[in-house]
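Input: a single structure, listed below in C-alpha cells.
The values are calculated or read from the model by the stated rules, or taken from the named source; none is laboratory data. All of these numbers come straight from a predicted model, not from anything done at the bench. In this analysis, Cβ positions are derived from the backbone assuming ideal geometry, glycine residues included, and neighbour counts consider all displayed protein chains. Each accessible area value is taken on the protein alone, full model and side chains, heavy atoms only, with ligands, DNA and RNA left out. Shrake-Rupley method; radii C 1.70, N 1.55, O 1.52, S 1.80 Å.
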Amino acid sequence: MSNINVETWNSVYSQGRSLLQYPDEVIVSYLAKNRGVFKKGLDIACGAGRHTFLMNEFQIEAYGLDSSESSIAFAQEKVLREGKQGCYFYNKKVQEIEFDNESFDLIIIWGLIHYLDDSDQHKLLANVKRILKTGGTLLCTLRSTLDSRLNNSKEIEPNRYLVNYFDDNTQSPKQTLMYFWDKQGVSNFFSEFQNVTIGHRIIEPLGLLGNKTGHWLISAQK
C-alpha cells in the first residue's frame, strides 16, 4: 500500500473513526449458509476486527491482520476484555504476510485491494493462493467504476486515481489512491481462481442521493 494510503488510514483509525464493528451482511449470510465448512480463516486488512470476530462466532479459528496500530490495538483490547479464545491479531502490512502454505480454508479481504498499487495487488493474490488450501474460499471486494468518487478524482496512471476521501466537505479532505474495475476487469483479475461468483452493490447514504459507493462482491476458490 502506498505511503499516502497508509498515512490516511492510520490518521482515520487513530481518531477512532471508521473502526467498523458490525460485520457486512454479505459475510454474515455467506458464513451462515456455509456453517461448519470452514475451520481456519484469515481477515486481511481487518480494521477493528469485525469479520475476524464474526468468524470466531462461527467457531472458525480466526486471524486478523492490519497495517494500522490503532485498529489492531482496539481489536486486541476487545479480545482481552471479552476473554475471546481462538481469535488472533497482527499489526502487519499485507506485503508482510508469512503464513505457511495452505494454512487457511477461508480468506476475507473486504475493502482493501483497490487501495494497493498494481504490483502489490498481484503479489497479494499470489500470496492468497499460496496460503489458501486447495478448494478454499476467498471473499473480497473491489471498487466499481459506478462509484461516484471516480467522477471527482484525478487519474495519475492507468486506472489509478487520486481521490478526496473522508471529510470532503471540510477544509482538509483526506486523500487516497484508488483503482476502479468494471465487470470484465473483475473477471480478468480473478482469472487464476475457480468458481468465481460476482455480485454488485451500490449504496447511496441517507440524505446523499447521487453520492454512490460502488463495490463488486466476489467469492472465488483456489
* Hey, which aspartates and glutamates would be in cross-link range of K39, C-alpha to C-alpha under 15 Å, not counting anything within fewer than 8 residues on its own chain? -> E57, E61, E102, D105
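For every other residue with a beta carbon closer than 15 angstrom to the beta carbon of E102, add +1 if it is Lys or Arg and -1 if Asp or Glu, then tell me the sum. Kindly include the intermediate steps, with their values, before the conclusion.
Details: positive: K39, K40, K129, R130, K133, K222; negative: E61, E98, D100, D105.
Net of charged neighbours comes to +2.
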* To do: Rank L124, N211, I108 by how far each Cα sits towards the positive end of the charge dipole of the range 98-222 (+1 on Lys, Arg Cβ; -1 on Asp, Glu Cβ) and give me just the farthest.
  => N211
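With the cut-off at 26 Å, tell me which of the pairs K33/K212; K174/K222; K92/K123; K84/K212; K78/K123; K40/K78 have Cα atoms farther apart than that. Walk me through the numbers on the way to the answer.
Values: K33/K212 29 Å; K174/K222 36 Å; K92/K123 15 Å; K84/K212 37 Å; K78/K123 31 Å; K40/K78 20 Å.
Over 26 Å Cα-Cα: K33/K212; K174/K222; K84/K212; K78/K123.
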* Take the Cα atoms of the range 69-189, find their three principal axes, and give me the spread along each one in whole Å, biggest first. => 44, 36, 21
* To do: From largest accessible area down, sort Y88, Y30, Y63; use a 1.4 Å probe on the protein chains.
  => Y88, Y30, Y63
* What list of ³J(HN,Hα) couplings, whole Hz, do you get for the range 31-42 from phi and the Karplus terms 6.51, -1.76, 1.60, once you set θ to phi - 60° and write x for glycine and proline? -> 5, 5, 6, 10, 4, x, 6, 9, 10, 9, x, 10
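Under unit Cβ charges (Lys, Arg +1; Asp, Glu -1), what dipole magnitude, rounded to 20 debye, does the range 126-222 have relative to its Cα centre? Numbers along the way, then the final one.
Values: 12 positive and 8 negative charges, 86 e Å.
Approximately 420 debye in magnitude.
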* Computed [θ] at 222 nm, deg cm²/dmol, the chain (DSSP H ≥ 4; -39,500 (n - 2.57); rounded to nearest 500) -> -8500 deg cm²/dmol
* State the antiparallel share, in %, of DSSP beta bridges confined to the chain, rounding to the nearest 5. => 55
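In the neighborhood of R160, defined by Cβ-to-Cβ distances under 9 Å, what is the net charge if each Lys or Arg adds +1 and each Asp or Glu adds -1? Each step should come with its number before you reach the end.
Values: positive: none; negative: D117, D118, E155, E157.
Combined, the nearby Lys, Arg, Asp and Glu give -4.
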* **Theoretical gain in end-to-end length, E102 to Q59 [0.36 nm per residue, Cα-Cα removed]** => 13.5 nm
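Give, rounded to the nearest 20 debye, the magnitude of the charge dipole that the chain has about its Cα centre when Lys and Arg contribute +1 at Cβ and Asp and Glu contribute -1 at Cβ.
So the dipole magnitude of the chain works out to roughly 420 debye.
What does the charge dipole of the range 53-112 about its Cα centre add up to, to the nearest 20 debye, if the Cβ of each Lys and Arg holds +1 and the Cβ of each Asp and Glu holds -1? Before the final figure, lay out the partial values.
Details: 5 positive and 11 negative charges, 55 e Å.
So the dipole magnitude of the range 53-112 works out to roughly 260 debye.
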* Going by accessible area, probe 1.4 Å, with all protein chains left in place, what is the ranking of D120, D43, largest first? -> D120, D43
